[in-house]
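Some notes on the structure that comes next.
The values are calculated or read from the model by the stated rules, or taken from the named source; none is laboratory data. All values reported here derive from a predicted model rather than from experimental measurement. Cβ sites come from the backbone with ideal geometry, for glycine too, and all protein chains shown count toward neighbours.
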Ligand SMILES: [Zn+2]
């Protein structure tokens, strides 16, 4: 039975969207999150950058479309997409999406589907069984149940964009749930959001390898409790072997903050065995996170194109070094005030160190400088 709901029209980017009058998901069978506009703005930049690297016209699938905000914006604002398929199990959501599609005159591009998500991804009836060029999976909570059918539904070289909102799980509040949903152990550290991101990429890569596929991360960011990743999916075993060494562990010393990554390959196939003591403070306070993704979590070329096209600060250049240092947390422990982040970066750079900001935390830096050196720069700057 159709449920009558009050609707309103809002504008996002250059797209008009018919959405429920109230934003509360609890009372209504469909949902639109107005705070998602910024995240969807970022998506459009990413999809445009991806489409500009591909020949021909592309098929986009919005697998958990809700009232269709992301998919309809792709149909209206992104270039290169000939077909956008909006799937949602709720009739109310699809009815709203249909109204928005008409309002934006994109009816020719848009197709609708009302299926459970894995059934939609497996059958792909709306594209005549063809695999998708771009797939978005944007669930409440974890995307874990949809990874297998999502990966299988993409063409070779297709793009998978994925959201996760279970930040408590990914950041280490519920480690047993993380082991079940992401197959890896999280770490409650100053860079727990990065660990969470690497758990998502890790699950993607480990699932891909099982299916003789592989992934190549392009970009990721988080906004409060909302994690977003963008990855290219490749078909075939050759790149799967590369993914093997990009799965590993993060070792973190909870006494002094020392950290390092080690590949699964090295753990299981190397003859040398690492000592269990922290190489920095010699304590036995090292904990292991993972298995997770220890490779790059961005493609610099892709991020550069996104920055050039949008000038959004989220796409500013960033180092590939794993794990960041939260300067506010460090200075809190040291009992000094926090200097300007750019001064810290400049000082480290002039000492010959690599150092950059990170889009995963506005108060943090990535650097190859060891901890004592970062501390002495912080002290020097507030003296
Ligand atoms: Zn230590």
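Structure above, values below:
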quantity: Residue in the range 191-205 that is within 17 Å of residue 321 (Cβ to Cβ) and within 16 Å of the ligand (Cβ to nearest atom) present; calculated: yes
quantity: Residue identified as within 25 Å of residue 304 (Cα to Cα) and surrounded by fewer than 18 Cβ atoms within 10 Å (Cβ to Cβ) among 266, 223; calculated: 223
quantity: Residue within the range 98-119 that is on the phi > 0 side of the Ramachandran plot and assigned by TED's automatic domain parsing to the domain that holds residue 191 present; calculated: yes
quantity: Filter pass, residue 96 being in a loop (DSSP other than H, G, I, E, B) and touching a strand residue (DSSP E or B) at 6+ places or on another chain (Cβ under 7 Å); calculated: no
quantity: Residue tally, condition out of contact with any helix residue (DSSP H, G or I) (no Cβ under 7 Å at 6 or more places or on another chain) and assigned to a helix (DSSP H, G or I), over the range 203-226; calculated: 2
quantity: Total residues in the range 330-353, condition assigned to a loop (DSSP other than H, G, I, E, B) and in contact with a strand residue (DSSP E or B) (Cβ under 8 Å, 6 or more places away or on another chain); calculated: 2
quantity: Qualifying residue in the range 118-138 (condition: in contact with a helix residue (DSSP H, G or I) (Cβ under 7 Å, 6 or more places away or on another chain) and farther than 21 Å from residue 204 by Cα); calculated: no
quantity: Filter result for the condition that a residue is touching a helix residue (DSSP H, G or I) at 6+ places or on another chain (Cβ under 6 Å), farther than 22 Å from residue 150 by Cα and surrounded by fewer than 17 Cβ atoms within 10 Å (Cβ to Cβ), over 107, 100; calculated: 107
quantity: Filter result for the condition that a residue is modelled with pLDDT under 95, assigned by TED's automatic domain parsing to the domain that holds residue 143 and over 23 Å from residue 313 (Cβ atoms), over 31, 60; calculated: 31
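Okay, residues lined up against (1) in contact with a helix residue (DSSP H, G or I) (Cβ under 8 Å, 6 or more places away or on another chain); (2) surrounded by fewer than 18 Cβ atoms within 10 Å (Cβ to Cβ); (3) within 29 Å of residue 306 (Cβ to Cβ):
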| residue | (1), (2), (3) |
| --- | --- |
| 332 | no, yes, no |
| 336 | yes, yes, no |
| 342 | no, yes, yes |
| 346 | no, yes, yes |
| 351 | yes, yes, no |
| 355 | yes, no, yes |
| 365 | yes, no, yes |
| 372 | no, yes, no |
